[in-house]
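**Student:** Dropping a structure here in structure tokens format, bear with me for questions.
The values are calculated or read from the model by the stated rules, or taken from the named source; none is laboratory data. Predicted model only: the values in this text are computed from it and were never measured. Note that each Cβ is placed from the backbone with ideal geometry, even for glycine, and that neighbours are counted across all protein chains shown.
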Amino acid sequence: MATTNPIPRFPAGFLWGVSTSAHQIEGAVDAREPSVWDLFTAEPGRVRDGSTAAVACDHVHRHREDVALLADLGVDAYRFSVSWPRVRAEGGLDFYNRLVDDLLAAGVRPVPTLFHWDLPADLDWLERDTAERFAEHVAGVVARLGDRVTKWITLNEPAEHTLLGHALGVHAPGRTLLFDALPVAHHQLLAHGLAVRALRAAGAFDIGIANSHGPTWPASDDEADVAAADFYDTLLNRLFADPLLLGRYPEGVGELMPGDVEADLKTIAEPIDWYGINYYAPTRVGAPQGAEIEFGGVRMPAELPFSVREIEGYPVTDFGWPVVPEALTELLALFHGRYGDQLPPVVITENGCAYEGLDDADRITYLDGHVRALHRAVEAGVDVRGYFVWSLLDNFEWAEGYGRRFGLVHVDFGTQRRTPKASYGWYRALLREQRG
């Protein structure tokens, strides 16, 4: 169980929130164009339980109930995503217009993410033109919502979308390109830079990105294990942070990217106002082991120049991820040291865990430990401005279907009944204490 010691007070103005994404909760599939995830989930065997997100949490029709949950929870802000396929359908922005109005009426700040993996089915991140199309999408969204929305997120986790969707094929669009997927990373980063320009042109002044990061631990002190861990750290951390914050790719990476990379980097490195980090767990990495392995439900081909190993000695979530709160402090210290003055203020845009049950003491312990770890980073001098729990609702968990529950609120997917869990009450009490 979580300790009863009070969590130390965070600085005044610290932003407390929760996060969701469109494809995972919205449903109402007939009121939008198809996405790559619709095509992916229609293929037998792609999703563990054979489900789709056609209904999910039916949030489009029940969003006022969910806004009431947010208001009762007492969060400052709600991070949601704007579905590009929904926006392209007739009247698509009408839903988000209503959602923003209802959030503001409830005293909750809307924080839209402009791309969270649900790419329109007729577009392809291997094509440079998709970055330009994204900038047009962003311009249309900010033109409609920018009079009320002030805080924006361009992309969510381009690393996972590249690796899982295009390199390993376990997420949409299901490609197995391995390192030939690198153009996907570059085009998403370029899309981010073009989106920042589109937002600035519309007067936006509070812009960030949500990148996933975590410490990489070598499996041993052996030179081969250390080298493999360094490579993995470059691939999952520096490949997506260095261009944004330093205006350059890690050594040896730029020449693998398509187009006029130097010119593109000037766009990619458009200044942002804060840097979002999604954190879940560290990763232990060693040298290749010469055989294909499965880790965390993802099959790792033998030809990769590293192998992901189990981290022993820690409790694990229902996803099998190790629970290591102190690694969040380690990660933030690493970024603070690596990027120095080039690192803008940080917001933890996702942090959460999968556990079953309404009396979810393990989730409370997880969140309690990570909030304390975040406070230690603040005390150590890292400029952290906010924390968003993943997630408000149990939802469609991508290739896992409905078999992994991350929500503070339980959703009965048959009846759509929402039931706050014990962790919802814990978070509500934390927010009251922080403001008391």
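**Student:** Show me the strands (runs of 3 or more DSSP E) found entirely inside the stretch 373-436 where at least 1 residues are at pLDDT 95 or above and aromatic (Phe, Trp, Tyr).
**Tutor:** By residue number, 384-390.
Residue-by-condition table, conditions (1) free of Cβ contacts under 8 Å to residues at least 60 places away in the same chain; (2) surrounded by 20 or more Cβ atoms within 10 Å (Cβ to Cβ); (3) within 26 Å of residue 170 (Cα to Cα):
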position: 73; (1), (2), (3): no, yes, no
position: 82; (1), (2), (3): no, yes, yes
position: 90; (1), (2), (3): yes, no, no
position: 124; (1), (2), (3): yes, no, yes
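**Student:** Moving on to the next point. Within the stretch 255-262, does at least one residue satisfy the condition of being surrounded by 20 or more Cβ atoms within 10 Å (Cβ to Cβ), in contact with a Lys or Arg (Cβ under 9 Å, 6 or more places away or on another chain) and of a type in the set (Gly, Ala, Ser)?
**Tutor:** no
**Student:** In the stretch 43-60, what count of residues is obtained for those that are surrounded by fewer than 19 Cβ atoms within 10 Å (Cβ to Cβ) and under 13 Å from residue 418 (Cβ atoms)?
**Tutor:** 1
**Student:** Another one. Would you pick out the residues in the stretch 246-282 that are among the polar types (S, T, N, Q) and in contact with a helix residue (DSSP H, G or I) (Cβ under 7 Å, 6 or more places away or on another chain)?
**Tutor:** Result: 267, single match.
**Student:** Between residues in the stretch 423-436 that are among the polar types (S, T, N, Q) and residues that are surrounded by 17 or more Cβ atoms within 10 Å (Cβ to Cβ) and at pLDDT below 95, which pairs lie under 6 Å by C-beta distance while being six or more apart or on different chains?
**Tutor:** none
**Student:** Also: Quick one: in the stretch 238-290, which of the residues that are assigned to a helix (DSSP H, G or I) and touching a strand residue (DSSP E or B) at 6+ places or on another chain (Cβ under 8 Å) is nearest to residue 345 (Cα to Cα)?
**Tutor:** 245
**Student:** Which residues, counting only those in the stretch 246-270, are acidic (Asp, Glu), more than 22 Å from residue 126 (Cβ to Cβ) and over 22 Å from the mean Cα position of the chain (by Cα)? Break it down stepwise before answering.
**Tutor:** Residues of the stretch 246-270 that are acidic (Asp, Glu), as a first pass: 251, 255, 260, 262, 264, 270.
After this cut, where a residue has to be more than 22 Å from residue 126 (Cβ to Cβ) as well, the list is 251, 270.
Once the filter is applied, which keeps residues that are acidic (Asp, Glu), more than 22 Å from residue 126 (Cβ to Cβ) and over 22 Å from the mean Cα position of the chain (by Cα), the stretch 246-270 yields only 251.
**Student:** Just to be sure I understand, how many residues within the stretch 110-119 are part of a strand (DSSP E or B) and either closer than 16 Å to residue 167 by Cα or in contact with a Ser or Thr (Cβ under 6 Å, 6 or more places away or on another chain) (or both)?
**Tutor:** Of the residues in that region, 2 qualify.
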